[in-house]
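What follows draws every value from the coordinates through simple rules; no lab data is involved. Predicted model only: the values in this text are computed from it and were never measured. Virtual Cβ from ideal backbone geometry, glycine too; neighbours counted across all protein chains shown.
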Amino acid sequence: MMLVIIQDFLRCGGTEQQSLFLARWLSQNGHQSHVITFRPGGPLARDLQESNIPHTPLQKKDRKIDWYAPGLIRQIKKEQPDLILCMGRMANCYAGRIQRKLPETPVIGSMRTGKKLPWLYRKSLKKVRAIIANSLQAKTRLVEQYDIASEKITVIRNAIVKISDAKLSSDSRESLRKQYGASPQSLVFICAAMFRPQKDHQKLVRLMAKLSLAQDWQLWLIGTGITETETKELVRKLNLEQRVKFLGYQADPSSFYTAADIALLTSRSESLTNFLVEAQWHGLPIVAERNGGVGECFSPDKSGFLIEPGCDEDFLQKLNKLMSDTKLRQLFSEVALQYSRKEFSSHRQCQRHLELFTQLLNKS
């Protein structure tokens with residue numbers, strides 16, 4: 001089987017990580033894959049190169065235009081794929097045109113965003129042979145909001161990628177915490193997400209400012225992006241520099257999850273967030289606002305608390321409950337480990353992709 005995966009740019013987001021992981025898994029299991037991007041480079045370009053996955057950027061020089069894909073159809077035809085998978089907003093906007101130009105080849109669209117879909121994206125999803133949604137909520141949204149046929153949509157949740165099962169020793173854990181000024185008694189909250197407006201890091205910081213400064217806590221923010229600078233400015237304004245730590249992009253944040261105590265998310269737009277999936281994999285209790293498929297990332301009231309949007313007092317109340325109740329955190333942690341391994345194992349999710357691809361080829 002030969003699969004072409006189309007992505008606009010290899011930024012460090014969850015969609016891009018899922019694309020590369022699937023390409024690697026297929027190659028390791030006797031299949032071929034080729035990644036076509038609109039722009040060259042990107043934070044994950046080196047990872048792709050080190051994996052020896054064939055990669056063709058369409059822009060020979062990065063014009064920093066996400067939608068510009070010169071020679072896309074010609075390059076796809078050159079690869080002679082059995083199937084084509086479009087990942088991300090820009091790639092999906094081209095999916096309908098690709099299916100029209102290559103009617104014999106199954107084109108698979110994807111739905112991995114909580115944001116409003118552009119008109120061309122919606123039009124494309126009605127023309128492609130199949131769609132992969134990464135949450136039940138995303139599928140429901142496609143059917144009810146955009147009138148997409150339910151039978152075209154397969155739900156395959158995110159797989160765990162680039163995450164190690166290895167646990168830090170007690171000494172290594174305390175050493176990492178000490179590096180950022182956290183003591184063994186400190187409660188460390190963590191949020192790993194690109195700094196984008198929809199992730200709303202600033203709301204999270206404002207909520208943290210309402211916690212008692214008599215309590216021993218820190219907030220670790222992993223990621224980079226366009227709202228990082230203004231978030232840092234807000235932290236300075238609220239005099240939280242000693243409490244809120246910016247850890248930058250981490251290729252494998254496993255050690256930071258292991259060193260943390262509770263995962264937090266106040267994003268305004270999600271489909272299924274890799275961060276909460278990874279946090280559960282490491283046994284972290286969660287406090288997160290309901291948005292998109294966030295409630296599918298953990299087991300509400302069993303491994304974390306799902307808060308209705310705008311209910312800041314409830315968010316803080318549930319967070320304080322976890323902070324004060326060690327036994328509850330341990331109970332949530334145990335359920336988190338069980339839930340994540342049942343729902344998000346990489347082998348299971350990749351096998352489900354392979355099953356879908358095989359079904360589409362048998363119908364062709």
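Other residues whose C-beta falls under 11 angstrom from the C-beta of Arg206 contribute a net charge of +1, scoring Lys and Arg +1 and Asp and Glu -1.
Working value for the chain: equivalent-ellipsoid semi-axes of 37, 21, 20 Å, each the square root of 5 times a Cα gyration tensor eigenvalue, largest first.
With contacts taken as Cα pairs under 8 Å and at least 6 residues apart, segment 170-343 reaches a relative contact order of 21 percent. Under 19 Å of direct C-alpha separation, and excluding same-chain neighbours fewer than eight residues apart, Lys321 reaches these aspartates and glutamates: Asp216, Asp261, Glu289, Asp301, Glu308, Asp312, Glu313, Glu334.
Listed by chain and number, the aspartates and glutamates whose alpha-carbon sits under 13 Å from that of Lys77, ignoring those within fewer than 8 places in the same chain, are Glu104. Taking amide H as placed 1.01 Å from N in the peptide plane, Phe305 has its amide H under 5 Å from the amide H of Ile286, Val287, Ala288, each at least 5 places away in sequence or on another chain. Each 5 Å bin from zero up to the one holding the largest Cα-Cα distance in segment 170-343 carries the following percent of pairs: 1, 9, 19, 23, 24, 16, 7, 1, 0. Taking Cα atoms only, the orientation of helix 136-146 departs from the longest principal axis of the chain by about 60 degrees. In terms of Cα atoms, the Rg and Dmax of segment 74-123 work out to 11.2, 34 Å. Separation of the alpha carbons by more than 18 angstrom is noted, of Lys178/Lys199; Lys245/Lys318; Lys210/Lys318, for Lys178/Lys199; Lys245/Lys318.
Against the chain, whose longest principal axis comes from its Cα atoms, helix 89-101 is set at around 20 degrees.
Pairs of C-alpha atoms in segment 235-326 farther apart than 22 Å represent 31 percent of all such pairs. Can you tell me the relative contact order of the chain? Whole percent, Cα pairs under 8 Å, sequence separation 6 or more. Relative contact order for the chain comes out at 14 percent. Compared with the dominant Cα axis of the chain, that is its longest principal axis, helix 170-179 is turned about 90°.
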